[in-house]
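Enquirer: Below is one structure. I have some questions about it.
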């Protein structure tokens, strides 16, 4: 089973040809070459490359250029704007773009709080029509995410980052899993899957971050490993841990079986995104 990271970001230095909208915590740049080198160093076969919203908003051109440079290593997810009347056409165009594996709604970045909002509904329906999963950044709005999933049962919804707000720099929040009951409630919707991405950044312990496993195992029990996607959220996590430190705790833990690990770290990704990496 290949190892697939459910969420990574790459970006180039800020320049007039592709200017940043804002500055994200992290290095001045993390190119495709940098990301592939980090993956190769620890044996990660492929990754879902999510276009960096902070820098590029709805422009996924840099992520696409990375994917085209390394076509066997990355599938690409593009943020879309539910407030754009032409978002349906955007989704159709994106579906036709080589390397596409999904779209993303930044629910807590100016989107309506109404689960029946026409723009949000259009995104979910068009994504389902084109067979694309919708990645949802929705910490603090998990109840809305649940209602959106219930109203759109044919749309596969992927909850970003365990549904929890995660830090950009140390320390971890005092009660990082405080919203866990709301996260577990999402499992009742069969069309929801959840990224176990950035989990190590929520730890109050040093590497190997052993205190994350009790809450994570509750999530695994609720969703099943076929609805859980391991990921690092590199490079958001760069000030908290290295890339290898986001990978190895999941390889080394004895809290999950070898078969469950294979599903969590690659098998479920292939099913959800209909994509697998190829080297060469």
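Any read-out appearing in this document is the output of simple, stated calculations on the displayed coordinates, not a laboratory observation. Note that this is a predicted model, so its numbers are computed, not measured. A quick note on method: Cβ atoms are made from the backbone with ideal geometry, for glycine too, and the neighbour counts reach across all protein chains shown.
Enquirer: Which one, 195, 125, 78, has the greatest fluctuation when you compute a Gaussian network model over the chain with C-alpha springs under 10 angstrom?
Expert: Looking only at 195, 125, 78, the biggest GNM fluctuation is shown by 125.
Enquirer: Moving on. Anyone know which of 161, 15, 204 comes out most mobile in the 10 Å Cα GNM of the chain?
Expert: 15
Enquirer: How large is the helix-only mean residue ellipticity at 222 nm for the chain, computed as the sum of -39500 (n - 2.57) over DSSP H runs with n ≥ 4, divided by its residue count, in deg cm²/dmol to the nearest 500?
Expert: Numbers: 11 runs with 93 residues, N = 280.
When only DSSP H runs of four or more count, the value is -9000 deg cm²/dmol.
Enquirer: Turning to a different aspect of this structure: What ranking do 219, 48 get, fewest neighbouring Cβ atoms within 10 angstrom at the top? List each step's numbers first, then the result.
Expert: On the way: 219 22, 48 26.
By the 10 Å Cβ count, ascending: 219, 48.
Enquirer: Give me the percent relative contact order of the chain, please, defined on Cα pairs under 8 angstrom at least 6 residues apart. Provide the component values of the computation, followed by the final result.
Expert: Values: 535 pairs, mean separation 60.2, N = 280.
Relative CO of the chain lands at 21 percent.
Enquirer: Quick one: 217, 228, fewest Cβ neighbours within 10 Å first, how do they rank?
Expert: On the way: 217 13, 228 25.
Least to most surrounded, the residues fall as 217, 228.
Enquirer: With both bridge residues required to lie in the chain, what share of the DSSP beta bridges run antiparallel, to the nearest 5%? Don't skip to the answer; put the middle values down first.
Expert: On the way: 2 of 28 bridges.
Around 5 percent of the beta bridges assigned by DSSP in the chain are antiparallel ones.
Enquirer: Just to verify a number: FRET efficiency for residue 179 and residue 278, C-beta to C-beta distance, R0 = 35 Å, to 0.05?
Expert: 0.40
Enquirer: May I ask you to derive the FRET efficiency for residue 37 and residue 218 from their Cβ-Cβ distance with R0 = 25 Å, giving the value to the nearest 0.05? Before the final figure, lay out the partial values.
Expert: Working: r = 35 Å, r/R0 = 1.40.
Between residue 37 and residue 218 the formula returns 0.10.
Enquirer: Springs between alpha-carbon atoms under 10 Å, Gaussian network over the chain: tell me which of 153, 249, 85 tops the mean-square fluctuations.
Expert: The residue with the greatest mean-square fluctuation here is 85.
Enquirer: What ranking do 151, 236 get, fewest neighbouring Cβ atoms within 10 angstrom at the top?
Expert: Values: 151 14, 236 23.
Going from least to most buried by this count: 151, 236.
Enquirer: Measuring from the lowest to the highest alpha carbon on each principal axis, how far does segment 4-273 reach, largest first, in angstroms?
Expert: Principal-axis extents of the Cα atoms in segment 4-273, largest first: 48, 42, 33 Å.
Enquirer: To continue, here is another question. Treat each spin label as a single point 7 Å out from the Cα along the C-beta direction, and report the residue 239 to residue 117 distance in nm.
Expert: 2.8
Enquirer: Need one number: % antiparallel among DSSP beta bridges in segment 1-117, to the nearest 5.
Expert: Numbers: 2 of 13 bridges.
Taking every DSSP beta bridge with both residues in segment 1-117, the antiparallel ones total about 15 percent.
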